[in-house]
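Novice: Right, I'll just put the structure down here and ask away after.
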Amino acid sequence: MDSQKNKATDLIRLAYEAQKRSYSPYSGFQTGAALETAGGKVYQGCNIENAGYTPSNCAERTAFFKAVSEGERSFTRIAVVGNYPGKPGDYCAPCGVCRQVMREFCDPETFEIIIARGPEDYKSFLLKELLPESFGPDDLV
């Protein structure tokens, strides 16, 4: 159990590192994500805002798109953090669009989503808990 907690803590720290690169001049809300592949490689992402708002991208999708563009297709978990600079954060759960992107590439029964207020203060969910009755690639067969 300690080994798993250490791994979660490490992933959360990487999400906070990614958060520092957030481009959020409009909302000021900064998010970071660290996505772990089945092979143990980690891809980081931050939110990237746009004056047109709809072209903005969440940290989770940034991490997924980076990984997929590098040929990765198998993922085990993601850590997500978010807050306004200088203010303590609350748990920052992925939005619905991000959950759907996760569903495209991840097994809802095993993919873990860690939402954190700090490296030692976090909650963990399976994708199926945050996206019940989901629609995925297997529904199109």
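Only the coordinates and a few stated rules stand behind these numbers; no lab work does. As the structure is a computational prediction, the values presented were derived from the model and not from experiment. Here the Cβ positions follow ideal geometry from the backbone for every residue, glycine too, while neighbour counts run over all protein chains shown.
Novice: Given the options Glu104, Glu133, Glu120, name the one that is without any contact (Cβ under 8 Å) to a residue 24 or more places away in the chain and acidic (Asp, Glu).
Specialist: Glu133
Novice: With in contact (Cβ under 8 Å) with a residue 60 or more places away in the chain and surrounded by fewer than 20 Cβ atoms within 10 Å (Cβ to Cβ) as the only criterion, which of Thr54, Thr9, Thr37 stands out?
Specialist: Details: Thr54 fails: in contact (Cβ under 8 Å) with a residue 60 or more places away in the chain; Thr37 fails: in contact (Cβ under 8 Å) with a residue 60 or more places away in the chain.
Matching residue, one of Thr54, Thr9, Thr37: Thr9.
Novice: Ok, one more. Please name all residue pairs, on different chains or six or more residues apart, with Cβ atoms under 6 Å, provided the first residue is in region 62-75 and is acidic (Asp, Glu) and the second residue is surrounded by fewer than 11 Cβ atoms within 10 Å (Cβ to Cβ).
Specialist: The qualifying pairs do not exist here.
Novice: State which residue pairs qualify: first residue closer than 26 Å to Thr37 by Cα and inside region 78-99, second residue in a strand (DSSP E or B) and among the hydroxyl-bearing types (Ser, Thr, Tyr) in any location, beta carbons under 8 Å apart, and separation of 6 or more residues or different chains.
Specialist: Final answer for the pair search is Ala79/Tyr122; Val80/Thr31; Val81/Thr31; Gly82/Thr31; Tyr91/Tyr122; Cys92/Thr31.
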